[in-house]
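These notes are about the structure you will find just below.
The values are calculated or read from the model by the stated rules, or taken from the named source; none is laboratory data. As the structure is a computational prediction, the values presented were derived from the model and not from experiment. Reconstructed Cβ throughout: ideal geometry from the backbone, glycine too, with neighbour counts over all protein chains shown. Protein only, heavy atoms only, side chains kept; ligands, DNA and RNA dropped before computing areas. Shrake-Rupley method; radii C 1.70, N 1.55, O 1.52, S 1.80 Å.
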Amino acid sequence: MTVPASTTPQVPPQNEPQDTPDVPAQDTAEGPRGPVRTSTRGADTRALTQVLFGQLKNLEPGTPEHDRVRGALIEANLPLVRYAAARFRSRNEPMEDVVQVGTIGLINAIDRFDPDRGVQFPTFAMPTVVGEIKRYFRDNVRTVHVPRRLHELWVQVNGATEDLTTLHGRSPTTGEIAERLRIGEDEVLACIEAGRSYHATSLEAAQEGDGLPGLLDRLGYEDPALAGVEHRDLVRHLLVQLPEREQRILMLRYYSNLTQSQISQELGVSQMHVSRLLARSFARLRSANRIEA
């Protein structure tokens, strides 16, 4: 949410809105202009926020002046929202959307803040902003529901991963993360999988990087010969109960696909005898079959 510059209320010269910091007051990291400049701009933001809240509490809600001061407060503290949103860069969600959601939390914090309690506004607003962003990810982004405990544990795993990466200068192993958090490696792996459940992947999408086909092409399919597995196992068990010559006749007839005439020439017997042996073999197989038709 932005407010035109012309609507920003007049405040003391050292607290002009154009001095709004690019980082929040609590950010003490080394910046391109050094820590002194960061600290100074952060102090300017705190002073400006304090002055604006002093004006806001004396104005009637809904009046144009109240709206202008409220808008100036929102604009002055947008760096706080950007700072909080940066913690969620690894979620692969457009940063503009995350900042917009965080701004809603900032507005809620401004509407609920009481300057007379002696609490700095960034300290009061940060949990509200972060909570709003987390609620957005929990309710609107995930396509796969993850148990709350697993989601909360994933946040700890993600934080431990960042700390260990900074400490060792490399990506930590599953065992190192588990040891730091005092949990099992299986739980760490489950949390990592939970962290990847924000977006569903198309089964037809090709896998990036590895050059492999889509998941759909790698999924198993129903083998049409699967239904015959039990039958083949049963026949194998029954065949060993037949005489050796009858076993050979059945093998020649149904595995080598020979005709009865060809089998008779192979065995040196008449075709009629081959036919009788086949009939007798079938009768024995049916009588030995324990599975009812």
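Annotation: A25 fulfils all but one of (1) farther than 20 Å from V119 by Cα; (2) modelled with pLDDT under 85; (3) open to solvent by less than 30 Å² (accessible area, probe 1.4 Å); (4) not acidic (D, E); the unmet one is (1). Quick test of your reading of the structure: S90 fulfils all but one of (1) open to solvent by 40 Å² or more (accessible area, probe 1.4 Å); (2) touching a residue at least 12 places away in the same chain (Cβ under 8 Å); (3) within 18 Å of A43 (Cα to Cα). Name the failing condition by number. Condition not satisfied by S90: (3).
Taken over region 154-197, the criterion of being within 18 Å of F88 (Cβ to Cβ) and in contact (Cβ under 8 Å) with a residue 40 or more places away in the chain is satisfied by W154, N158, C191, A194, G195, S197. Quick check, is A190 at pLDDT below 80 and among the aliphatic types (A, V, I, L, M)? Criteria not met by A190.
I'd like to check something: does region 160-174 contain any residue that is open to solvent by 70 Å² or more (accessible area, probe 1.4 Å), of a type in the set (K, R) and assigned to a helix (DSSP H, G or I)? No: region 160-174 contains no residue that is open to solvent by 70 Å² or more (accessible area, probe 1.4 Å), of a type in the set (K, R) and assigned to a helix (DSSP H, G or I). Considering each of V157, V130, V141 in turn, give the residue that is at pLDDT 90 or above, among the hydrophobic types (A, V, I, L, M, F, W, C) and either under 21 Å from the mean Cα position of the chain (by Cα) or open to solvent by 80 Å² or more (accessible area, probe 1.4 Å) (or both). Of V157, V130, V141, the one residue that is at pLDDT 90 or above, among the hydrophobic types (A, V, I, L, M, F, W, C) and either under 21 Å from the mean Cα position of the chain (by Cα) or open to solvent by 80 Å² or more (accessible area, probe 1.4 Å) (or both) is V130. Keeping to region 250-293, report how many residues are among the small types (G, A, S), at pLDDT 85 or above and either open to solvent by 90 Å² or more (accessible area, probe 1.4 Å) or not in a helix (DSSP H, G or I) (or both). Of the residues in that region, 3 qualify.
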